[in-house]
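See below for the structure under consideration.
Here, each number is a calculation from the coordinates, and none is a lab measurement. Predicted model, so just to flag it, every value in this text is computed and none were measured. Cβ placement follows ideal geometry from the backbone for every residue including glycine, while neighbour counts extend to all protein chains displayed.
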Amino acid sequence: MTLAERRAFLSRHFRRRRMAAVLPLIETAFRRMGRCRIIDLGGRADYWTLFDRAFLEAHKVHITTVNLETPRDIADPILTEIQGDALNLPQFPDLAFDMAHSNSVIEHVGDWENMELFAAQARRLAPAYFVQTPYFWFPIEPHFTAPVFHWLPEGVRAGLLMRRSQGWAPRSADMGEAMRQVRSACLLDKAQMRYLFPDARLAEEKVFGLTKSLMAIRA
Ligand SMILES: C[S@@+](CC[C@H](N)C(=O)[O-])C[C@H]1O[C@@H](n2cnc3c(N)ncnc32)[C@H](O)[C@@H]1O
């Protein structure tokens, strides 16, 4: 197995484990409403293929993904892809969905003010939400897959990126590219997540006893 295949395998493994926290939210919405309309902020269609299709259909799930990326226009009756900015969704009124969902996105939306906007959307669009993000104090940074890389000062990280590739990130040609890489993911700690999602339970995903990611869940 190549390094890239190993990373993809681990990523799928953790996502599958995470689904255990999402399924009860779908079941609750279905019990209440006879359906579950999900908005997946920063979502991609392929993420939902990890879920058991029969379960999604039995619970009348419909997923709307909102992503800056161009949709791949997958023809699927249970999925609608929208190209858009999850920080600004005026087309959807409050509680337009039964559940807001987001996996590994909030750390990519930009500075703290943008994270606040993102959290506000997740909290207003549905009565239930699930927002997952990698944990700052887990020693391996998931985007660069480099131990303690994210704990180094920005300038040091940029310097290392200009010297050689780091995990998923290729070697940067110059300081501009390196800084864009460094700023492309900004990991959060527990206090920051509690502030952003004050009405949620903060669940922890563990690996070898260490917290790897945080999940803000409002049931
Ligand atoms: C690490 S990927 C996760 C994708 C997907 N949620 C999953 O788990 O497979 C982060 C995604 O967030 C999206 N993203 C970042 N900022 C966004 C924003 N402001 N609005 C919508 N999507 C955004 C990116 O385009 C990217 O697809």
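Please give the Cα centre distance for region 55-96 versus region 149-219, rounded to the nearest Å.
After rounding, the separation between the Cα centres reads 26 Å.
Helix-derived [θ] at 222 nm for the chain: sum -39500 (n - 2.57) over DSSP H runs of at least 4, divide by residue count, nearest 500?
Helix contribution divided over all residues of the chain: -11000 deg cm²/dmol.
For region 16-82, what's the relative contact order in percent, using C-alpha pairs closer than 8 Å and at least 6 residues apart?
Dividing the mean separation by the residue count of region 16-82 yields 33 percent.
May I ask you to list the aspartates and glutamates whose Cα is less than 12 Å away from that of Lys60, ignoring any residue fewer than eight positions away on the same chain?
Glu27, Asp98
Using the per-residue mean of other Cβ atoms lying within 10 Å as a proxy for protection, in what order, highest first, do the peptides 158-170, 122-134 fall?
Final packing ranking: 122-134, 158-170.
Could you point to the residue in Ala119, Ile106, Tyr129 farthest towards the positive end of region 81-135's charge dipole, with +1 and -1 charges on the Cβ of Lys/Arg and Asp/Glu respectively?
Value computed over the given set: Tyr129.
At what distance in nm do the modelled label points of Arg72 and Met162 sit from each other, each positioned 7 Å from its Cα along Cα→Cβ?
In this crude label model, Arg72 to Met162 measures out at 3.6 nm.
Taking neighbour counts of Cβ atoms within 10 Å as a proxy for exposure, in what order, fewest first, do Cys36, Cys186 appear?
If I rank by nearby Cβ atoms, fewest first, I get Cys186, Cys36.
Provide the gained length on full extension for the span Asp111 to Thr80, in nm with one decimal, where the gain is 0.36 nm per separating residue minus the Cα-Cα distance.
Between Asp111 and Thr80, full extension yields an extra 8.3 nm.
Can you sort Lys206, Lys212 so the residue with the fewest Cβ neighbours within 10 Å comes first?
By the 10 Å Cβ count, ascending: Lys206, Lys212.
Can you compute the modelled spin-label distance between Ser11 and Gln91, with each label point 7 Å from Cα toward Cβ, in nm?
Result for the modelled spin labels: 2.7 nm.
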